[in-house]
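For reference, the structure discussed in these notes is given below.
The values are calculated or read from the model by the stated rules, or taken from the named source; none is laboratory data. All figures in this text were calculated on a predicted structure; none of them were measured in a lab. Cβ placement follows ideal geometry from the backbone for every residue including glycine, while neighbour counts extend to all protein chains displayed. Ligands, DNA and RNA are excluded from the accessible area calculation, which covers all protein heavy atoms including side chains. Shrake-Rupley method; radii C 1.70, N 1.55, O 1.52, S 1.80 Å.
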Amino acid sequence: MADFVQLSVAGVSIGAIYAMAAIGFVLLWQTSNTINFAQGEFVVLPAFAMVLFFVIFRLPFAAAMLATVLVSTLLLGWGVKQLLVARLIKMGVLPLVIATIGLSLLIRYSLQQFWTPLALPFPAIFSRDPIRLGTIVVSLEEIGNILFAAVVIGALQLFITRTKLGWAMQAVAQNRMLASVLGINVGRLVTITFMLNAALTAVAAILIAPVYLVKYDIGIGLGLKAFYAAIIGGFNQIRGALLGGLLVGVVETLSAAYISSHFRDAFALVILIAVLLLKPEGIWGVKEEWAS
Amino acid sequence: MTRGRWGLLVALALSVVVPLGLDQYKLYVVSLTLVYVILAIGLNLTLGYAGQISLCHAAFMAFGSYAVAILGQHGIAFEVGLAVGVVVAFAWGLVLGFPALKVKHHYLAMVTLGFNIIVFLVLRNWESLTGGSFGISSVARPAWGPLSFKSDRAFYFYILAWAAVVVASAYWILTSRWGRAFRAIRENEMRAEVVGVNLRNYKLMVFAIGAAYAGTGGALFAPLLGYIDPGAYTLDRSIQFLMMVVLGGLGRFEGPFIGALVVTVLPEVLRGSEGLYLIIYALAVILMMLFMPKGLVGLWDLAWRSSRSVTSPSTSSASPR
Amino acid sequence: MRTVRTVQPLLAALVTLMAVTPASPQGVIKLPIVAEITGGGASVGAMWRDAVNLAVEDINKKGGILGLKLETSVQDTQTDPPTSVAVMRRVLNDKPFAIFGTVYSSSTVANMDIARQAGVPQFTGSESIIITQKGNDNIFLTSFTQDTGMAKQVRWMLDDLKAEKIALIWVNNAFGKGGHDMFVHFLKERGKAPVVDISTEVQQADFTPELTKVRASGATHVMVYNHEEENARFMIQLRKMGLAVEPVGETTLCAQTTITPGGGAVNGARCHVGLTAGSPVPLMVDMSRRFQEKYNRVPDHNAFKGYIGVHMLKAAVQRVGSWDQAKVRACLHNNVFTTAEEAGLLMDLYVNEKGSLDRPSFIVEVKDQKSVVTKTVGMLGGPYNTRPCK
């Protein structure tokens, strides 16, 4: 029983990270029909930026974090939208998908070639000393990740539901043409969404870096898990991505321990396929409108 | 003669004559490209013509490869292995066609993606059948009694023959009413159904046929390489085929040829830049999408500038929606 | 006339070009490097390549081999077996004398038949047992295969460490599986079995399932057989959970490429390794120093393998007395080569009938984020005979 709790805590902790990557993914899809195959790399690049600012330039943590979020928002948010998405979005889903695949390869191999193919260490943000609660051992790192992610996601949820900009986003997500007719500057909103996604992935990077270590290829698995999470939880709701992320994290951890480690990657997939066949909009999702 | 047919004849002539003078390295690259053309044609059918996103082409390929490799270990003829692989791929293609009936686009992509990963895991973990991570080596090339296709040049022509079969059958399918039905489904499903297209059967068939072609390609891939392991059939490989088809030109007959050529030959051509070429390749992909989103077949069109042939749809956009 | 005026400078340029372009040098031996420069194996391939280049440089400075200089080139396999096959074919077109690479076992198995058909001896950094199981007489390893390595590993763990209950964590790919199978095999020979046997995935981030099982099993030692980053993550999480189990490994666990990302968490790990930068062997210390001077980083076991491989070729060619591929191949089977005749080998070694090595090895412990040698272990078998090769 103690093991079960131990595993669940670990699963939720890693799931919180998946959720952060998944939420941005969902936002992008909702407002601009972009399936961002480079979402994993959107986490990797800020992770390297964090190493640059925090480890190499030795800025204080808060300043490094701010710098990372700014760089990410500028490059991966505004930059990607202006250069890539604006042109390709009219062409349908597939050219943009291929372009984001190309982007993910570009980021990955550039980091590998021009920085390093090796993993870089990253100092732990929260203490790693074991805290024993009976036979269960946790550290501040697990708890910190969960709390941090909860705060960010909570803030995001408030933003979407309580601010004018958030409402505009929801409107665009539901029906782009109608939103435009009603006077919303869709293009600008999409840019803001991209920037928001980039900020989210930057925060995820800061949480992930101590756990995953900083290496050019950690984006591959992460991007995939973000997809699973988004689809399982609900492709059109933030809380769906949250549920999805937590579910994927917990299922992965528990099934590897109790069922089979050989098929570790398969269990979340089985759930994914089941969800897709039984309730394609996701567990907490709502059916998508025809018009979008 | 139409442009399309001219193109095919020239390609056929070149593919017979040129390899006679090539060294074993270039011959290998050309052979590999041909195998990839077969695979790309399959995916182009499913995705390009019928608009069904399939991200598990590598899994269908694996069925062909492993059928040939495993049966070959027991001394069974290559053609039998190929037939088995194609049948298995076809069957699984049908199975995957069912989700395609229920869900669309990115949802379908995820189902197929999940299938690919599960197939990879099964291949890796079912050691007694597939050799697991250790793979299967010395995959035998076909032989008809005393006539053996073991030499690189002989095997190249064997592959070419199968490629010709695949191309001819694809051509035949696409110019039949099936082809029209596929295109109708891609353009607008609701309208197609209203007009009387039996969506269900055609969707299932397009998945199955695309998968069967992939199985054929996979069966030829294994003896070309000589050694297979599960790592060749991951999601990365499926994405590679997706790139081929989109870069070449979705829903265009010439698309797979151009796409396979670019994706296979480009890294070889760029090889001199030692490590940079993957970056250049990625940049090239992005630029191609930005400036030629309908695929490189646009260049091909420019080169000909004649009226469109029968096999390419007249008003299509590259989008599968 | 216009044409003459344009043709003349063109002709002049052409003639100049022909004069300046050197003709293919006669007395040069081609030794191409076929390695993982991009893709998942990039760090490994880079070490191999750099060390081979250093070895060639060292040899050329002393006049080459039998009066001929060596020349290398680098080809990238992208850590992809089909690509490595294409690269191998391309490289064979230039009629090299020997080939150095690949390092990843799944690529080597794919491309080694082609080198064999061409009769070009191939020196590889791979360690998987599948390589020697194929009956290829043209492939030469630069380290133990997993059978020799694991035999030594088990012997050390049971006899020296007196390990009672051993947990085994291994990565589920060709490398990990080979190691796993051999480890379990040699344990079985001694009447034991791992109390926990779990596989992990490449790029796996969370090891809580594994650690929980290890804790529940009451294991005294955990044998960690994974790639470098995963080892680092595992160690960090092991320390985080405050587990009392002793971490033990083989080469990768105690490598610098694990210690750098893992930091202080890796301290206390002990490994049996074939090659290490912390080796006290003077020849290795010297090579390590020169490597660091030239490349500004510490060589890892892949670098040592590459360096030694080139000198294996040198030793064999010198013993044969001529540049004859068939004779060199024969010389490199069932033979002993010592540092007395060829210092570049760094340690005495024995090449067996399958092309793999037996050699002394080391026990290291990670102290203060450095791998420190605590003991040297002799060859597994022997005594071996030295055969002449003329």
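At-a-glance table
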| quantity | calculated |
| --- | --- |
| Point-charge dipole on Cβ atoms (K/R +1, D/E -1) for the protein assembly as shown, about Cα centre, debye to 20 | 2160 |
| Segment A:53-152: projected area of the alpha-carbon convex hull, averaged over directions, in nm² | 9.8 |
| Share antiparallel - DSSP beta bridges, segment C:234-381, percent rounded to 5 | 85 |
| Solvent-accessible area of residue A:167 with every protein chain in place, 1.4 Å probe, in Å² to the nearest 10 | 140 |
| Surface/4 of the Cα convex hull for segment C:24-97, nm² | 5.0 |
| Cα radius of gyration and Dmax for the protein assembly as shown (Å) | 29.1, 99 |
| Loop GluC sites (Glu not before Pro), segment C:336-390, which have at most 11 other Cβ atoms in a 10 Å radius of their Cβ (DSSP) | C:353 |
| Debye log10 I(q)/I(0) at q = 0.13, 0.14, 0.19 Å⁻¹ for segment B:1-142, Cα point scatterers | -0.76, -0.86, -1.21 |
| Alpha-carbon radius of gyration plus Dmax, which is the widest Cα pair, for chain C in Å | 23.1, 94 |
| Inverse mean reciprocal Cα-Cα distance (Kirkwood Rh) of segment C:136-231, Å | 14.1 |
| Computed accessible area, residue B:56, all protein chains, 1.4 angstrom probe, square angstrom | 0 |
| Unit Cα scatterers, Debye sum, chain B: log10 I(q)/I(0) for q = 0.11, 0.13 Å⁻¹ | -0.67, -0.96 |
| Rh (Kirkwood; distinct C-alpha pairs) - segment A:109-206, Å | 17.0 |
| Candidate residues C:137, C:358, A:129: accessible-area rank, largest first, probe 1.4 Å | A:129, C:137, C:358 |
| Percent of beta bridges antiparallel (DSSP, the protein assembly as shown, rounded to nearest 5) | 45 |
| Most to least accessible of A:58, A:176 (protein chains only, probe 1.4 Å) | A:58, A:176 |
| Hull-based mean projected area of segment C:267-390, where the convex hull spans the alpha carbons, in square nanometres | 8.3 |
| Spatial separation of Cα centroids for segment C:46-88 and segment B:73-97, in angstrom | 42 |
| Between helix C:301-320 and chain C: long-axis angle, C-alpha atoms, 0 to 90°, nearest 10 | 60 |
| Between segment B:199-266 and segment C:193-236, the alpha-carbon center distance in angstrom | 37 |
| Convex hull per residue volume in Å³, alpha carbons only, for chain A | 138 |
| Total charge dipole magnitude, segment C:209-331, about the Cα centre, Cβ charges on Lys, Arg, Asp, Glu only, Debye to nearest 20 | 220 |
| Average Cα contact separation per residue, chain C, under 8 Å, 6 or more apart, as relative contact order % | 15 |
| Between segment B:128-196 and segment C:136-170, the alpha-carbon center distance in angstrom | 45 |
| Solvent-accessible surface (1.4 angstrom probe) belonging to residue B:171, in square angstrom, nearest 10 | 60 |
| Reciprocal mean inverse distance between Cα atoms of segment B:34-78 - Kirkwood radius, Å | 11.8 |
| 0 to 90° range, to nearest 10: angle between helix C:81-92 axis and chain C longest Cα axis | 30 |
| Stokes-Einstein translational diffusion, segment C:58-136 - Kirkwood Rh over all Cα pairs, 1.306 mPa s, 10 °C, in µm²/s | 119 |
| Angle between chain C longest axis and helix C:2-20 axis [Cα atoms, degrees, rounded to 10] | 50 |
| Number of partner chain Cβ atoms within 10 Å, mean per residue of C:248-260 | 1 |
| Estimated 222 nm signal from helices in chain C, with DSSP H stretches of n ≥ 4 weighted -39500 (n - 2.57), rounded to 500 | -13500 deg cm²/dmol |
| Mean Kyte hydropathy of -1.0 or more with a Cα span along the axis of at least 27 Å, helices from DSSP in chain B | B:24-43, B:78-102, B:105-125, B:152-175, B:199-225 |
